[in-house]
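Participant: Dropping the structure in here first, questions after.
The values are calculated or read from the model by the stated rules, or taken from the named source; none is laboratory data. It should be emphasised that the depicted structure is a prediction, and the values quoted were computed from it without experimental measurement. Cβ coordinates were reconstructed from backbone atoms using ideal geometry, including for glycine residues, and neighbour counts include every protein chain displayed. For the accessible areas, the whole protein counts, side chains as well, though only heavy atoms, and no ligand, DNA or RNA atoms are used. Shrake-Rupley method; radii C 1.70, N 1.55, O 1.52, S 1.80 Å.
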Amino acid sequence: MTDLREVICRPFGRRVLWFFAGLGAAGAGAAVVRLAYGGPDAGLGIGLLLVPVGGWALYRATARVRADSYGMHSWTLLRRRSLRWSDIADLRVRLKYANTPRVQDTRGVSLSLRDGRKLLLPLPRSWSHDDPDFDAKLDAFRALHRLHGTPESDHVPVVSYRTAGRGWAGSLALCLLLLGGAGLAACFVPSVASGQRAWRSATPCTAGTPAVERDECLTTLTAVIARTEATRSRSKGSWLYFVDGRPMERLGVSSDGARMFGPGDSVELTVWRGEVREVADERHVYRLHVPASGELAVVAAVCLLAAGYPAARVLLRLRGRRLPDDEVLPSALPFAGALVGTALWLLPLAHLHPTTLLTDPVAITWAATGSTATLAFLVWAWRATRVRTPGEIDATGVMEVTGATEVARATGEAGWFAEGATGEAEDDVFLAARFLEPTDYNPFGFGTHVVLGGGPLAVTPHPGPGRFAAKPVPVERLAVKEVRRIRGGDGDTVPSGWHIAELDDAGTGTPVRLAAAPDDLTRILRELASDPLRRESRVSRSRRGGTRR
């Protein structure tokens, strides 16, 4: 990778991958031999398990990516692609978050084509946020793209599950699956309700009851318990065993039901529709659980509400389809709150009125009132998840202050602007905000809040009160370059509803990012622009020959 005219990526640990590929081929051969000349055994199972491992290792070992003056070339076991730089709109980082803390996140390089397609390159791959080799190859790819193509962005876009560029097919499939489960459960509610009513109205069988009708009446059988088997785990069933296997060998019950009876107890079994529904002796009566229509209706309602969350994620992605692919979408948690609020009235209604939702006046009133509340929740969630661009919030905030600052710089009246903007001293106000880069005033990224009002602007690791461990911010060194929304490369610790101000730190010469909620960020930047230290710095520079633009 020393020559910028060509960059080649090969998989790490190719010898190990080829070893596993050979192991998989040997396992496939052994499985074929065992099937041809023997029978199923442990060797056959091991050979079949090695086949997918060998296939994955072979796929990884044969992958290769090369970039040159023509474009990008990728080779895999099944396909080869070559793309010109003119056909590539941008190179992006595809970030896949791990589901467990022990597994690290995966980074890959994705190509955004000018026809709208997205292609994920097989290499390079990284399982760490600090991988110099991955970063160096990505920088070389982007350098070749700038040299021979026209990139759309001047930064490295990072696409993750939080950003607008991630697909929504998975959320849509999950939503449809849950809706299907809700519909299936709802279809069985009438039949279960009918069976429940028949059980409650069933009467004991008489001697004159015809044989064909005995399933609909209650039959009583006597039995003697031989032994019981009670387990503590709910996943394992408990059993009642009967003497001589009459009228059956054993009966599955709950652990509490098994503890009610003991060996030698004479019990009566109540049979209805060919199933034992009750076990009774002189002291205890155990009733086996009969599915209720209300329980099934609650299951259908839960599936319906659960389908609402992936549906909200699909809605947010469709709502933000015009955003850049690396911008973070608003969180769907407000819609989750609306669903929880809906569950508070829908689940009790489904349990108490599973089959009379459209006929019972009480159920109709209940449903109408709850639907009105749900509509209010959804309107609130829709407003809470709207995309707020910096231009909208800064029209009367930061942009106004910045404009006044530029006028002050042009006219040399910086002192008048600072005095008019600061006014009288106020009490300390702690705002949740974070500098994303470690600096001398934010060492190791310790700051979680910014305090302003009663003293100089400072960073604190706590929300107050008091300025304990606060470090003053050198406002005279900072200049606002841009205010933007959260991007995928800003990390997953920044809330999706915050904005980021990119600052130029003249003291270090490096950019600094300040993240906060939109209104809080506006207030912090207004304080930053009107700080007395900035005023003194401007006045001294104007006396030396004018302010720097």
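Participant: Find out how many positive minus negative residues lie around residue 21, taking Lys and Arg as positive, Asp and Glu as negative, among other residues whose Cβ is under 12 Å from that of residue 21.
Facilitator: Summing Lys/Arg as +1 and Asp/Glu as -1 gives +3.
Participant: Which shape class, rounded, prolate or oblate, goes with region 432-521 when its Cα gyration tensor gives a ≥ b ≥ c as root eigenvalues, a/c under 1.5 marks rounded, and past that a/b bigger than b/c marks prolate?
Facilitator: The shape class here is oblate.
Participant: Starting from the Cα-Cα distance between residue 446 and residue 25, subtract it from 0.36 nm times their residue separation and give me the gain in nm to one decimal.
Facilitator: Using 0.36 nm per residue and subtracting the Cα-Cα distance, I get 146.3 nm.
Participant: What size of dipole, in debye to the nearest 20, comes out for region 477-522 about its Cα centre when the only charges are +1 on Lys and Arg C-beta atoms and -1 on Asp and Glu C-beta atoms?
Facilitator: Rounded to the nearest 20 debye, it is 100 debye.
Participant: If you don't mind, another one. Once you put a point 7 Å from the Cα of residue 259 and another 7 Å from the Cα of residue 32, both along the Cβ direction, what distance in nm separates them?
Facilitator: 5.9 nm
Participant: Roughly what would the spin-label model give for residue 79 and residue 462, points 7 Å off Cα along C-beta, in nm?
Facilitator: 5.6 nm
Participant: Next up: Name the residue farthest towards the positive end of the dipole of the chain from the options 37, 474, 220, assuming +1 on Cβ of Lys and Arg, -1 on Cβ of Asp and Glu, about the Cα centre.
Facilitator: Positive-end residue among those listed: 37.
Participant: Once you charge only the Cβ atoms, +1 for Lys and Arg and -1 for Asp and Glu, what is the size of the charge dipole of the chain about its Cα centre, to the nearest 20 debye?
Facilitator: 1940 debye
Participant: Note the angle between two axes, namely the Cα long axis of helix 333-352 and the longest principal axis of the Cα atoms of the chain, as a number of degrees from 0 to 90, rounded to the nearest 10.
Facilitator: The answer is roughly 20 degrees.
Participant: Along the Cα-to-C-beta direction of residue 135, a point sits 7 Å from the Cα; which residues of region 485-514 have their amide N less than 16 Å from that point?
Facilitator: Only 489-491, 510-513 pass the distance filter.
Participant: Measure nothing but the geometry: give the 0 to 90° angle between the long axis through the Cα atoms of 518-529 and the longest principal axis through the Cα atoms of the chain, rounded to 10°.
Facilitator: Approximately 20 degrees, to the nearest ten.
Participant: As an exercise, identify the GluC sites (Glu not before Pro) in region 427-521 lying in DSSP coil whose Cβ has no more than 11 other Cβ atoms within 10 Å.
Facilitator: Sites meeting the loop and neighbour criteria: none at all.
Participant: Sort by residue number and report every cysteine in the chain with no other cysteine beta carbon within a distance under 4.7 Å.
Facilitator: For the chain, the answer is 9, 175, 187, 303, because their Cβ atoms have no other cysteine Cβ under 4.7 Å.
Participant: Another question about this same structure. Mind giving me the FRET efficiency for residue 365 and residue 105? R0 is 56 Å, r the Cβ-Cβ distance, nearest 0.05 is fine.
Facilitator: E(calc), rounded to 0.05, equals 0.65.
Participant: Continuing with the same structure: Check which residues have an amide H placed less than 5 Å from residue 93's amide H, if you skip close sequence neighbours.
Facilitator: Amide H neighbours of residue 93, under 5 Å, 5+ apart: 110, 158, 159.
Participant: Another question about this same structure. Need the full-extension length gain, residue 206 to residue 380, defined as separation in residues times 0.36 nm minus the C-alpha distance. One decimal, nm.
Facilitator: Using 0.36 nm per residue and subtracting the Cα-Cα distance, I get 56.4 nm.
Participant: To continue, here is another question. Taking H placed 1.01 Å from N in the peptide plane, check which residues at least 5 places from residue 223 or on another chain put their amide H under 5 Å from its amide H.
Facilitator: Under 5 Å from the amide H of residue 223: 267, 269.
Participant: Let me ask something else. Quick one: check the C-alpha center-to-center distance for region 432-498 versus region 178-198, whole angstrom.
Facilitator: Between the Cα centre of region 432-498 and that of region 178-198, the gap is 55 Å.
Participant: What's the FRET efficiency of residue 194 with residue 232 using the Cβ-Cβ distance as r and R₀ = 22 Å, to the nearest 0.05?
Facilitator: Taking R0 as 22 Å, the efficiency between residue 194 and residue 232 is 0.05.
Participant: For region 247-337, rounded, prolate or oblate, judged on the Cα gyration tensor with a ≥ b ≥ c (square roots of eigenvalues), a/c < 1.5 rounded, else prolate if a/b > b/c?
Facilitator: Here region 247-337 falls in the prolate category.
Participant: Right, next: When the helix-only estimate is applied to the chain (DSSP H runs of n ≥ 4, each -39,500 (n - 2.57), divided by the residue count), what is the mean residue ellipticity at 222 nm, nearest 500 deg cm²/dmol?
Facilitator: Rounded to the nearest 500, it is -13500 deg cm²/dmol.
Participant: Can you compute 3J(HN,Hα) from phi for each residue in region 171-186, using the Karplus curve 6.51 cos²θ - 1.76 cosθ + 1.60 with θ = phi - 60°, rounded to whole Hz and x for Gly and Pro?
Facilitator: These are the phi-based 3J(HN,Hα) values: 5, 5, 5, 5, 4, 5, 5, 5, 5, x, x, 5, x, 5, 5, 5 Hz.
Participant: I want the antiparallel fraction of DSSP beta bridges within the chain, as a percent rounded to 5.
Facilitator: 95 percent
Participant: Out of 264, 493, 207, whose Cα points farthest toward the positive end of the dipole of the chain (charges: +1 Lys, Arg; -1 Asp, Glu; placed on Cβ)?
Facilitator: Value computed over the given set: 493.
Participant: Hey, rough spin-label estimate for residue 53 and residue 128, points 7 angstrom out along Cα→Cβ, what's it come to in nanometres?
Facilitator: Placing both labels 7 Å beyond Cα along the Cβ direction yields 2.5 nm.
Participant: Out of the total accessible area of the chain (probe 1.4 Å, heavy atoms of protein only), what percent is carbon and sulfur?
Facilitator: The value for the chain is 58 percent carbon and sulfur by accessible area.
Participant: Can you pull out the chymotrypsin sites (Phe, Trp or Tyr not before Pro) in region 105-172 that DSSP calls coil and that have at most 13 other Cβ atoms within 10 Å?
Facilitator: 127
Participant: Using θ = phi - 60° and the Karplus form 6.51 cos²θ - 1.76 cosθ + 1.60, what ³J(HN,Hα) does each residue of region 206-213 get, whole Hz, x for Gly and Pro?
Facilitator: Coupling constants for region 206-213: 10, 5, x, 6, x, 5, 6, 9 Hz.
Participant: Hey, what do the phi angles of region 23-32 turn into as Karplus ³J(HN,Hα) couplings, whole Hz, using 6.51/-1.76/1.60 and θ = phi - 60°, x for Gly and Pro?
Facilitator: Couplings: 5, x, 5, 5, x, 5, x, 5, 5, 5 Hz.
Participant: How large is the charge dipole for region 422-481, taken about the Cα centre, if only the Cβ atoms of Lys, Arg (+1) and Asp, Glu (-1) carry charge, to the nearest 20 debye?
Facilitator: Roughly 260 debye, rounded to the nearest 20.
Participant: Now, a different point. From the residues 56, 126, 252, which one has its Cα farthest along the dipole of the chain in the positive direction, the dipole being from +1 and -1 charges on Cβ of Lys/Arg and Asp/Glu about the Cα centre?
Facilitator: Result: 56.
Participant: Considering the alpha-carbon set of the chain alone, what are its Rg and its Dmax in angstrom?
Facilitator: 34.7, 117
Participant: Quote the FRET efficiency, to the nearest 0.05, computed for residue 243 versus residue 187 with a Förster distance R0 of 45 Å and r equal to the Cβ-Cβ distance.
Facilitator: In this case the efficiency is close to 0.60.
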